[in-house]
1. Would you mention how many residues in the stretch 410-425 are crowded, with 19+ Cβ neighbours inside 10 Å and more than 12 Å from ligand 1 (Cβ to nearest atom)?
2. Would you check which residues across the stretch 284-325 are within 16 Å of ligand 2 (Cβ to nearest atom) and either on the phi > 0 side of the Ramachandran plot or out of contact with any Leu (no Cβ under 8 Å at 6 or more places or on another chain) (or both) and list them?
3. For the stretch 225-253, how many residues are of a type in the set (A, V, I, L, M, F, W, C), within 22 Å of the chain's Cα centre (by Cα) and away from ligand 2 (no atom under 16 Å from the Cβ)?
4. Within the stretch 159-183, how many residues turn out to be assigned to a helix (DSSP H, G or I) and within 20 Å of Asp266 (Cβ to Cβ)?
5. Within the stretch 307-359, count every residue that is within 16 Å of ligand 1 (Cβ to nearest atom) and without any contact (Cβ under 8 Å) to a residue 40 or more places away in the chain.
6. From the list Ile245, Ile222, Ile148, pick out the single residue that is at pLDDT 95 or above and within 16 Å of ligand 3 (Cβ to nearest atom).
7. Go through the residues of the stretch 307-323 one by one and say whether even a single one is farther than 19 Å from Phe428 by Cβ, out of contact with any strand residue (DSSP E or B) (no Cβ under 8 Å at 6 or more places or on another chain) and modelled with pLDDT of 95 or more.
8. Of everything in the stretch 360-413, what is over 21 Å from Arg329 (Cα atoms), among the polar types (S, T, N, Q) and in a helix (DSSP H, G or I)? Give them in sequence order.
Amino acid sequence: MNITVHTKLQSKETDLILAFPKDKKDINLIKKFTDFFSESDFSGESKELVYLYKKNGEGKLFLLGLGDAKDQAKSSTFFRSCAYQNRKKLSKTLSVYLDHLNDQQVFNAVNGIIVGLRQNGAFKQERETVNTEEIHFITEKAHHSAIIEEARLYSETQLDMMHLVDLPSNVKTPEFIAETAVSSAENNGYTVRVLNKAELESEGLKALLSVGQGSIHPPVLIVAEYKPANPKGNIKTIGLVGKGISFDTGGLSIKPSANMGYMKSDMGGAAAVIGAIELAAKLRLNVHIVAIIPSAENSVDALSTRPGDIIGSYSGKSIEVIDTDAEGRLILADGLSYLLKNYKPEYIVDLATLTGSVIQTLGYHAAGLFTQNDEIAQLLTASGDSVSERLWRLPLWDDYMSEMLSDMADIKNLSGKPVAGAITAAKFLEFFTENHSKWAHIDIAGVAFADSEFAKQRSATGFGIRLLYDFMKKLQQ
Ligand code: BES
Ligand code: ZN
Ligand code: ZN
């Protein structure tokens, strides 16, 4: 897909999208392109889509409603929906007027249209066709060009990471995830080191090894680092940690079969973190990023860790494994400890598809946010609101910790009571953060892989990349 920016329509013969917030409809602009429009046809409500023909058969005209101010953060989905629904009807060239839109709407328009026109069916004999070869963004505002380019780069990363989450686990092994990070680093200007099983053994990442020991695909630790070539001022170091379970059977505490297939998405946190560091590098943000991805397959085997086993960890702390399905916190414990021991991050954010409990609590409309630090909570929540990847803060009171104490080991991986599972999981992680004052944990179990109008089955959302991107931009010097 070839994307270009112009100040005027390049040719009359083009399909055209005109999008308007409810209070900014420009009837004269609409009438310039079509004879078949009366004002009552289009009110500008959010997601409203009117499909008309242009004058002299010169293509199709799509009027898209963007609603009012409260809908603005969501407008990316409106554009995506417009492009997706009409992807088979569009001709070679699609033009989109952006001139009258604000910066956030411009970003969302570019993003929604690029993502909406993605070609689906990677494994089909006959891949779905999308006719659109050229997208022309039309605007006279000079500063829009940079926003269009930024949105294009973000959309590329988002699509790649969505694809990674959608890939089946027979393809997407821990090693495959590591190779993805290695090629992203080579193409975008950051570095990656991958610790293989032997290195994990010699370095003592015992919790990560224990989760992976039942799989024929060995676990890895991916360590990625981005630093700007010419840092300006005293730049901040941000540590990101992402859960990279390539498939979660539950291990010997095996999951019921009905929805087990969704557990190919148990590396949604890893995808968000790889996406974030890739974007930081592509857009040369003035921050130092260290991204750690512990990755393993949680399988059923004679060699698998058993419920009741007591394992070690990189931190030196011992863990009693009550339930092998609570594996995410085990690999994250080693990821967090590795970050803390080897780097000095000022901020730490981990993302993980960690608990079914967060879905019970918040449903599919927000991720759970856990932190003791009000500043980081405020920054992340505001980012989430503005990019429509919402977060809702849940408590981390010490009262919840009593549930995680073990008689024989330093901690156990599952509370004894079937309540507040997302919080007790977060308390487990906190135990491995050495009281770092600026750590936040985001439980994305309900939002990383979801039903939507854009696919027949549940599919990846890319949740977390744009959130982290916005957060990193705020922490630039
Ligand atoms: N990967 C799952 C959590 C999950 C559930 C993600 C649904 C996405 C959708 C995690 O490893 C898990 O199995 N959690 C268990 C923990 C329990 C054993 C304490 C859960 O939430 O049921
Ligand atoms: Zn699990
Ligand atoms: Zn899991």
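The values are calculated or read from the model by the stated rules, or taken from the named source; none is laboratory data. Keep in mind that what you see is a predicted model, and the values were worked out from it rather than measured. No Cβ is skipped: glycine too gets one built from the backbone with ideal geometry, and neighbour counts run over all protein chains shown.
1. 1
2. Matches in the stretch 284-325: Glu297, Asn298, Ser299, Asp301, Asp309, Asp325.
3. Pass one, the stretch 225-253, residues of a type in the set (A, V, I, L, M, F, W, C): 229, 235, 238, 240-241, 245, 247, 252.
Applying the additional criterion that residues be within 22 Å of the chain's Cα centre (by Cα) yields 238, 240-241, 245, 247.
Imposing the further condition that a residue be away from ligand 2 (no atom under 16 Å from the Cβ) reduces the set to 238, 240-241.
Residues flagged as of a type in the set (A, V, I, L, M, F, W, C), within 22 Å of the chain's Cα centre (by Cα) and away from ligand 2 (no atom under 16 Å from the Cβ) within the stretch 225-253 amount to 3.
4. 15
5. Total satisfying the criteria: 1.
6. Ile245
7. So far as the stretch 307-323 goes, no, none of its residues is farther than 19 Å from Phe428 by Cβ, out of contact with any strand residue (DSSP E or B) (no Cβ under 8 Å at 6 or more places or on another chain) and modelled with pLDDT of 95 or more.
8. Gln378, Thr381, Ser383, Ser386
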